[in-house]
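One structure is given below, encoded as structure tokens.
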Amino acid sequence: MTYHLLMSDQSSSETKRRASGRTDQPLEDELVQEFQNTVQEGTDRLHRTWRALIITGLFGGIDVGLGILAMMAVMDATGSKLLSGIAFGIGLLALRLAHSELFTEDFLLPINAVVAGHGSWLSLVRLWTVTLVTNLAGGWAFMWVVVAAFPDMTDSLIKVSSGYVADGLTFETVCLALIAGSTITLMTRMQQGAGNDVMTAIISLIGGLLVVGMGMLHGALNSIVMFGAMHAGWDYSYTDWLVWFAWVIPLNMVGGLVIITLPRLIRTWELLMAERRGERISEATIEDGEEDQDD
């Protein structure tokens, strides 16, 4: 009898701790809140109209171009890759604050929404395809204007772009592409949990430092830099770029989807399935947690 009472008390205590978020379990309050925000934003992205999807993708490319302009200015002034990478973070911050869209940002949030039953896989493919194409188109056009406006800074573009393609497809460049995809996806997750614009700005600058400052290979970001170099007279053809792009983008996707998104799906699986069944367990968990804390 004593044993059963003890086990019952332990079970009740564990249930309360899970509900109130005091243990490292799937249903702590912070995780539930982040899950709700992630699914909601992912659902919004999946269900954008064609017009909204195209415009947000185009502005995503333009925002990246703004970051590249800042990168060029700092590179010319200091010659430091790390400082120019931090400056590039301005473009990543613009993406977030302007609610634009960058290709690898689309991995965690909309997949959460699809698995939770708030969108289809076809709508996800539409989001990925349109975002990638419009990112490239917007970046290509904006970099043409940048090169025309600042011809004295174009040497930096050619130097950086040459570094992206110098080694070709090697084990090292494969790893650089994998890490780039995972870093941008992780940055999106971190910004989703940030409580204010100051933290969002810090995360963006860190993202620029890591991805650009350390020379990672990101298909969309690097392509826009390379387009600027081509506008400036870099001896590199669009055919050569397409071959490079064809192996970098899949590796970015593997990095973002397998390294970051898949573990996150496993971590929140109970919430995803409850949301898919329409149980809204997340809301109930928060309410129960608040009642337990009041007690």
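Numbers at a glance
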{"quantity": "Protein accessible area in the range 112-202, 1.4 Å probe - carbon and sulfur %", "calculated": "71"}
{"quantity": "Charge dipole of the range 103-209 about the Cα centre (unit charges at C-beta), most positive-ward option of Thr185, Val130, Ser161", "calculated": "Val130"}
{"quantity": "In Å², nearest 10: area of Trp50 left accessible to a 1.4 Å probe", "calculated": "150"}
{"quantity": "Surface accessible to a 1.4 Å probe, per residue, for the residues of the range 124-212, Å²", "calculated": "45"}
{"quantity": "Separation of alpha-carbon centers, the range 118-154 and the range 158-209, rounded to whole Å", "calculated": "17"}
{"quantity": "Rounded to whole Hz, the Karplus (6.51, -1.76, 1.60) HN-Hα couplings of the range 209-220, x for glycine and proline", "calculated": "4, 6, 6, 8, x, 9, x, 5, 9, 10, x, 6"}
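The values are calculated or read from the model by the stated rules, or taken from the named source; none is laboratory data. Only a predicted model underlies this, so the values are computations on that prediction, with no experimental measurement involved. Here Cβ is always computed from backbone atoms with ideal geometry, including for glycine, and neighbour counts include all displayed protein chains. Remember, those area values only see protein heavy atoms, side chains included, never the ligands or the DNA or RNA. Shrake-Rupley method; radii C 1.70, N 1.55, O 1.52, S 1.80 Å.
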